[in-house]
1. Which one of Val337, Val246, Gly12 is farthest out on the positive end of the charge dipole of the chain, using unit charges on Cβ (Lys, Arg +1; Asp, Glu -1) and the Cα centre as origin?
2. Can you give me the Kirkwood hydrodynamic radius for the chain, using every pair of distinct Cα atoms, in Å to one decimal?
3. Could you work out how far apart the two model spin labels at Glu249 and Asp56 are, taking each label as a point 7 Å from the Cα in the direction of the beta carbon, and quote it in nm?
4. Taking all pairs of distinct Cα atoms, average 1/r, flip it, and tell me the Kirkwood hydrodynamic radius of region 1-60 in Å to one decimal place.
5. Considering only protein heavy atoms, what is the solvent-accessible area of Ser208 at a probe of 1.4 Å, reported in Å² to the nearest 10?
6. Which net charge results for the neighbourhood of Arg316, defined as the other residues with beta-carbon distances under 12 angstrom from its beta-carbon, given Lys and Arg at +1 and Asp and Glu at -1?
7. Under 13 Å from the Cβ of Ala102, count the other residues' Cβ atoms, weight Lys and Arg +1, Asp and Glu -1, and hand me the total.
8. Could you tally the net charge around Leu234, taking each other residue with its Cβ under 14 Å from the Cβ of Leu234, Lys/Arg +1 and Asp/Glu -1?
Amino acid sequence: MSWTISAELIPGLARGAAVLGTGGGGDPYIGALLAAQALREHGDVTVVTLDEVPDDALVLTVAMMGAPTVMVEKLPSLTEVVAPVHALSASLGRPVTHIACAEVGGVNSTIPIAASAALGLPLIDADGMGRAFPELQMVLPTLYGIDASPLAFSDEKGNTGVLTTVDNSWTERIARVACVEMGCSVMISGFPMSGAQAREALVADSLSLCREIGDGIEAARAEKADPVERTVRLLGGRELFSGKVVDVERATTTGFARGRARIDGVDASLELSFQNEHLMAALDGVTLVTTPDLIMVLEHDSGEPITTEGLRYGQRVRVISAPSDDRWHSPEALAMVGPGYFGYEVPSHRFDGTAETPAPDAPEVAA
């Protein structure tokens, strides 16, 4: 059933998106400001379920590409957000009918809201991941053979381009170079798909889950209950660790925020490794959880999500994990988003600590 996003819903939705963003996806506050501005200027956005999207619809994803740290000082405008959609529609020779989220994390859940409001188009209650990942090809549509290109991109200076590539990995490689040259963050629109393809490839009800998480945290505070425990229960996950941030190493390189953080508890230390998003959690050198399952850092008492760029020395935090969409655990998916892809020489570990090893002869990911 369709529902409506108004400016009043944005804070809770953005909070939930920041949780599912697994530390990445950009500053939720910035995304919330942009979405609220668009809703006030252009009116509320209608959100439709995947079942309500016609088979012959033209669905485009809208997102920010680049290092989340850059967005703090390089704020996007609504003109920059909608420019790639206009460029891609012109390239395809068809009007766009629906907007979708490429990922459900951070600003990439709220930027599509801004785009939908400014364009007067419905937004689909779904996304391409069920979480956030750092590279463009790392979406479930890639596994279904849906092309990322033609992909349009724009920056704050007014530069706009449309890129056509041979596969989704090449889309990432070429667009990332352009992104770095354009200031390490750009707005993009791509993955043109029909309604039928969207129903097959996307993760359903993502935005509804964001609302539920964000509102649940707020309700737990009001009830003087534990917001972290409520989030864990809602996601079907577990709490990994509780302690104080004692060290953070972070650098913006090749369009990514890369680094690691150490959290000390009473008698143990947890190390988090991230590339925009948290990719691995290890307790005293023993791997607990890795990508593709979710690793999230929440403020100890309030349950407020903390992004990788927001991690600071002295923060008291709790680290939780939750299962990802089951499709991310196929051999093809693990070859694309498992720890080995990011250079970690460990098998994938599920949120419950179970290790899994992809088949050694896993086929190439479809482009």
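1. Checking the options against the dipole of the chain, the answer is Val246.
2. Values: mean 1/r = 0.0497 Å⁻¹.
That comes to 20.1 Å for the chain.
3. Label at Glu249, label at Asp56, 5.7 nm between them.
4. On the way: mean 1/r = 0.0769 Å⁻¹.
Final number for the Kirkwood radius of region 1-60 is 13.0 Å.
5. Approximately 40 Å² for this residue.
6. On the way: positive: Lys244, Arg312, Arg318; negative: Asp264, Glu299, Asp301, Glu304.
It works out to a net charge of -1.
7. Residues close to Ala102 contribute a combined charge of -3.
8. Working: positive: Arg15, Arg211, Arg230, Arg233, Arg238; negative: Asp205, Glu212, Asp215, Glu218, Asp226, Glu229, Glu239.
Once all neighbours under 14 Å are counted, the net charge is -2.
The values are calculated or read from the model by the stated rules, or taken from the named source; none is laboratory data. The model shown is predicted, which means the values in this text are computed figures rather than measured ones. Positions of Cβ are generated from backbone atoms using ideal geometry, with glycine treated the same way; all protein chains shown enter the neighbour counts. The area values use the complete protein model at the heavy-atom level, side chains included, leaving out ligands, DNA and RNA. Shrake-Rupley method; radii C 1.70, N 1.55, O 1.52, S 1.80 Å.
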